[in-house]
Amino acid sequence: MTSRDQALNAPAGVEPCAGQRDGCERCGGLARERFPILRRAVHGLPLVYLDSAATSQKPEQVIAAEARYYREHNANVHRGMHALAAEATDLYEQCRRRVGRFLGVTRPEQVVTLRSATAALNLAAGGLAHRLRPGDEILVTGMEHHANLVPWIALARREGLVLRHLPVTDGGELDLGRLPDLLTDRTRVVALTHVSNVLGTINPVAEIVAAAHRRGALVVVDAAQSVGHLPVNFAALGADLLAFSAHKCYGPMGLGFLVGTPEALAQLEPVEFGGEMIETVTMDAATWAAVPLRFEAGTPHVAATAAFPAALDLVEEYTVERLRTHEISLTGYAWERLSALGGLTLHGPADPAARGGLISFHDPQLHAHDLAQLLDARGVAVRAGHHCAQPLHRRLGVAATARASFGLYNSHDDVDALIEGIRYARSVFGT
Amino acid sequence: MSTGMDDLYREVILDHHRRPRGSSALAHPDTEAAGKNPSCGDELTLQLACDGDVIREAGVVTRGCAIATASGSILAELVVGRTLDEARRLADAFRAVLHDPEGELPDDLAPGDLDALLGVRRFPMRVKCAVLPWITLTEAVAARHEGRVAAETTTEA
């Protein structure tokens, strides 16, 4: 059974977007009123935010929680005996437990609090360096974000490792037929994304984990695009290490996590050193604190940890299954309308249930940057460029794509605005 | 259009984008350079064929947005018949004026359609697109003067 079959489709029987007009087939978006930024105008027009894959917008309760932290609790964590220090530490540790619960992780020590998903992936790569020998192999995929590719490139260069990659098929999926050849006795790490930030493809992580584990390789998953958008259960995925960021999951910026099995985390050496990560320090020696604090040198973004649980509360209030249903509905509708426009190449799997809530596309007559610029003039925010995935764009044969991505607050009207915006852009260019 | 789109995508610009001048690779260039904008992946190659110091022919092959393509097309049109130093001075003047909201291109440089590109100043994200061919030109000229192979130029340098 693939992971896709297991958990990633919206389970049968999930309610459509009840309370919205006409249900999920044609809904007005969920919880829109809780996102104050959605009330602002851009160039005198209502904001249509279709860039949640870059960062999601933040609900009022997250903004309020971050502000409340600075108003009422601000202190440094894990040091100091005063009341504020205890409160700040408590909020910081509550976030760790909350994230663990959200992902089905049994022990809070399995959650390392960092500044970003990128930091988490750098810890995974850098932390494993001491376990790797020249000639050892790292297997990545052809659809990685630079955050889950460049740390491995740097590591391979430094340690004399061999970097291999699992290619992407013309249909935008991982070429699993190549997996048996590419996984060898020397493969030590397999690093892959859960959901492609360009293609939207949901990768069969559990299946790849099983194959990698048979070879004794450790699996690192980039879940930046999946957490909060589709059901993610750490144990069900079976990964050894999993990275994600709060800000793509309706939470604050400046906060990311590395979640791991106790065994995998025990293998990692710290990559940052300083206060809070030590146990004992003499003038010429130091020992590390226990996992996870040994990975959390320096003053962390405590305010963000105070705020992130409110974002997870929102997701759980609606349930991630329902948010997933909503994103499938929006993605399917957008795919249909973009296809009907004609002249666009849409990248990745056509089945909305096989992809995350985003669509990358390009118009051979209209460069993605020009398109995004003209969409912006209509208040429609999309991303244009290589989306930090240059090798994948090379594979797709395009320098840049435009990407529309969805969050719970997006509506079918937002998709309509996108389509109208593309028509407008084409009219300006006379195509 | 009230959002400056008519200022950014002036008809002259769109025309250069649709029918870029001098957009074929040259068979026998005397100097050439490649430029890229790492933040967006746009790339171009610029070639010059010269009679002594005078540019006889320019070839600018752009893989990029309308602004970069139009800027390369205007460049190819403007530099032919100029000396390498005159071309470089034009590049310097254009780059300077892009960062000066009130600045104008001196008439004695005969800037032609280049004026139409100044609309990008309202769109800081797009200045790099307009600049890309011109910084590549500067490198191609420098390489020619110094008798070396041009380095790849980037908008981040």
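Scanning the stretch B:1-56 for residues that are of a type in the set (Ser, Thr, Tyr) and part of a strand (DSSP E or B) yields B:THR31, B:THR45. If you take the residues in the stretch B:1-31 that are within 22 Å of B:GLN47 (Cβ to Cβ) and polar (S, T, N, Q), which one is farthest from the other protein chains (Cβ to nearest Cβ)? Within the stretch B:1-31, the match that is farthest from the other protein chains (Cβ to nearest Cβ) is B:THR31.
Filter the stretch A:374-385 down to residues that are free of Cβ contacts under 8 Å to residues at least 60 places away in the same chain and within 9 Å of another protein chain (Cβ to nearest Cβ), then give me how many there are. I'd like the intermediate steps shown before the answer.
First pass over the stretch A:374-385, keeping only residues free of Cβ contacts under 8 Å to residues at least 60 places away in the same chain: A:374-375, A:384-385.
Now drop any that are not within 9 Å of another protein chain (Cβ to nearest Cβ), which leaves A:374, A:384-385.
Count: 3.
If you check A:ALA224, A:ALA243, A:ALA239 for being in contact with a Phe, Trp or Tyr (Cβ under 6 Å, 6 or more places away or on another chain) and surrounded by 23 or more Cβ atoms within 10 Å (Cβ to Cβ), only one passes: A:ALA224. The helices (runs of 4 or more DSSP H) found entirely in the stretch A:260-378 that carry 2 or more residues being surrounded by 23 or more Cβ atoms within 10 Å (Cβ to Cβ) and out of contact with any strand residue (DSSP E or B) (no Cβ under 8 Å at 6 or more places or on another chain) are A:302-318, A:320-341, A:368-377.
Which one is surrounded by the fewest Cβ atoms within 10 Å (Cβ to Cβ), of the residues in the stretch A:151-162 that are at negative phi and more than 23 Å from the chain's Cα centre (by Cα)?
Restricting attention to the stretch A:151-162, the residues satisfying the condition of being at negative phi are A:151-159, A:161-162.
With more than 23 Å from the chain's Cα centre (by Cα) added as a condition, the list becomes A:156-159, A:161-162.
Details: A:ALA156: 20, A:ARG157: 10, A:ARG158: 12, A:GLU159: 17, A:LEU161: 22, A:VAL162: 14.
By that ranking, first place goes to A:ARG157.
Number of residues in the stretch A:382-400 that are over 18 Å from the mean Cα position of the chain (by Cα) and not small (Gly, Ala, Ser): the value is 6. For the subset of the stretch B:32-71 comprising residues that are surrounded by fewer than 19 Cβ atoms within 10 Å (Cβ to Cβ), hydrophobic (A, V, I, L, M, F, W, C) and touching an Asp or Glu at 6+ places or on another chain (Cβ under 7 Å), which member is nearest to the other protein chains (Cβ to nearest Cβ)? Restricting to residues being surrounded by fewer than 19 Cβ atoms within 10 Å (Cβ to Cβ), hydrophobic (A, V, I, L, M, F, W, C) and touching an Asp or Glu at 6+ places or on another chain (Cβ under 7 Å), the top hit is B:ALA34. Across the stretch A:128-150, the number of residues qualifying as closer than 20 Å to A:VAL205 by Cα and loosely packed, with under 15 Cβ neighbours inside 10 Å comes to 0. Residues of the stretch B:73-87 include none that is among the hydrophobic types (A, V, I, L, M, F, W, C), more than 14 Å from every other protein chain (Cβ to nearest Cβ), more than 12 Å from the chain's Cα centre (by Cα) and farther than 27 Å from B:GLY147 by Cα. Evaluated against (1) of a type outside the set (S, T, N, Q); (2) in contact (Cβ under 8 Å) with a residue 40 or more places away in the chain; (3) surrounded by fewer than 20 Cβ atoms within 10 Å (Cβ to Cβ), A:ALA389 falls short on exactly one condition, (3). In the stretch A:90-97, the count of residues that are assigned by TED's automatic domain parsing to the domain that holds A:PRO108, at positive phi and touching a residue at least 40 places away in the same chain (Cβ under 8 Å) is zero. Listed by position, the helices (runs of 4 or more DSSP H) contained in the stretch A:120-225 that have at least 2 residues being over 28 Å from A:MET277 (Cβ atoms) are A:179-182, A:205-214.
The values are calculated or read from the model by the stated rules, or taken from the named source; none is laboratory data. Small disclaimer: the values here were computed from a predicted structure and weren't measured. Please note: Cβ atoms are built from the backbone with ideal geometry, for glycine as well, and neighbour counts cover all protein chains shown.
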